[in-house]
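Report on one structure; see the data block that follows.
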Amino acid sequence: MAKGKVYLVGSGPGDPELLTVKAKRLIENAEVIMYDQLPGKDILGMLPESAEKIDVGKYAGNHKLSQWQINELLVRRASEGKNVVRLKGGDPYLFGRGGEEAQALAAEGIEVEVVPGITSAIAVPAYAGIPVTHRDFASMVTFITGHEDPTKTDSALDWKYLARFEGTLVILMGVSQLPHNVKELVKHGKPVDTPVAIIERGTRPDQRVTVGTLGDIVGLCKQRNVKAPAITVIGDVVKLHRELAGN
Ligand code: SAH
């Protein structure tokens, strides 16, 4: 039997109008769709009746299938000759382990095509009136995964370097480790008055923005019960939020 193909499709940050034309076409024609909750309910509500839909449910620590099981299921369905869409929030290759899924499929000789999506790392700040770069405020930007285990001794994150970084810091998956990450930045010399914005459920109808500084953001988030999924933006570009957010 001819093997099927797997499309690793980025769904964008949640607003269905930010799906690419290609993503929409592939979703509409898929025989199998494997997804988690990150694309959000508006996009998940568009999945066609006709497709086999599998919620692999890797959401905020509440794993339904392990990464290994997801890889195995992708391989199995493609080996059955099916056209499979693996729908992933934002862009498939920015965090979220899309690269690993592609590797697992390639190792089994299964054809994979990546369909880039609009990443939440840029679009979510944009919808909150924050350009991640701006000639007056930041000529560089870096994307950071925030949920590293702080007890890990060989952290991939060099906080000393990040505290000195002159550009915008955008942290994904950063809600649970926010107190630790803020402490590291301040400890290594990042000024406590550096502006910070945290945007929950960006681009969705219930988007919420919390603005503060490194000095007070942890308290504000606690007060407002800030929850994942959220993007944290640290740097002077946050000052543009008032002017550009239209609220
Ligand atoms: N590949 C995705 C990121 C996967 S990591 C992308 O390119 O967007 C998961 C993290 O993405 C979440 O913890 C959160 O930090 C961020 N995220 C994704 N969609 C979001 C949204 N609509 N609002 C806020 N954060 C979002």
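All conditions in (1) within 20 Å of the chain's Cα centre (by Cα); (2) surrounded by fewer than 20 Cβ atoms within 10 Å (Cβ to Cβ) hold for Glu111, with the sole exception of (1).
Restricted to segment 2-23, and to residues there that are assigned to a loop (DSSP other than H, G, I, E, B) and on the phi < 0 side of the Ramachandran plot, the residue that is farthest from the ligand (Cβ to nearest atom) is Ala2. With respect to being within 17 Å of Val112 (Cα to Cα), basic (Lys, Arg), within 16 Å of the ligand (Cβ to nearest atom) and not assigned by TED's automatic domain parsing to the domain that holds Gly174, Arg76 falls outside the description. On inspection, Ala156 does not qualify as out of contact with any strand residue (DSSP E or B) (no Cβ under 7 Å at 6 or more places or on another chain), surrounded by fewer than 19 Cβ atoms within 10 Å (Cβ to Cβ) and not in a loop (DSSP other than H, G, I, E, B).
Conditions tested, residue by residue: (1) in contact with a Pro (Cβ under 7 Å, 6 or more places away or on another chain); (2) in a helix (DSSP H, G or I); (3) within 16 Å of the ligand (Cβ to nearest atom).
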position	(1), (2), (3)
Ala102	no, yes, yes
Leu105	no, yes, no
Ala123	yes, yes, yes
Gly129	no, no, yes
Thr142	no, no, yes
His147	no, no, yes
Gly174	no, no, yes
His180	yes, yes, yes
Gly189	no, no, no
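For segment 134-147, the condition of being touching a Lys or Arg at 6+ places or on another chain (Cβ under 9 Å), over 22 Å from Ile27 (Cβ atoms) and surrounded by fewer than 20 Cβ atoms within 10 Å (Cβ to Cβ) holds for at least one residue. Close contacts from segment 38-52, counting a first residue that is closer than 14 Å to Pro229 by Cβ and a second that is assigned to a loop (DSSP other than H, G, I, E, B), with Cβ to Cβ under 6 Å and a gap of 6+ residues or different chains, come to Leu38/Gly89; Pro39/Ser11; Pro39/Gly89; Gly40/Gly14; Gly40/Arg204; Ile43/Ser11. The residues in segment 1-42 that are closer than 11 Å to Lys88 by Cα and of a type in the set (Val, Ile, Thr) can be counted, and the count is 2.
Against the criterion of being in contact with a Lys or Arg (Cβ under 8 Å, 6 or more places away or on another chain), more than 24 Å from Pro229 (Cβ to Cβ), charged (D, E, K, R) and more than 10 Å from the ligand (Cβ to nearest atom), Glu113 qualifies. Just to be sure, is Leu162 touching a strand residue (DSSP E or B) at 6+ places or on another chain (Cβ under 7 Å), over 20 Å from Asp236 (Cα atoms) and more than 13 Å from the ligand (Cβ to nearest atom)? It is false that Leu162 is touching a strand residue (DSSP E or B) at 6+ places or on another chain (Cβ under 7 Å), over 20 Å from Asp236 (Cα atoms) and more than 13 Å from the ligand (Cβ to nearest atom).
When you scan segment 193-235, how many residues do you find that are more than 16 Å from the ligand (Cβ to nearest atom) and more than 29 Å from Ser11 (Cα to Cα)? The qualifying residues number 13.
The values are calculated or read from the model by the stated rules, or taken from the named source; none is laboratory data. None of the values given here were measured: they were computed from a predicted structure. Quick reminder, even Gly has a Cβ in these numbers, built from the backbone with ideal geometry, and neighbours come from all protein chains shown.
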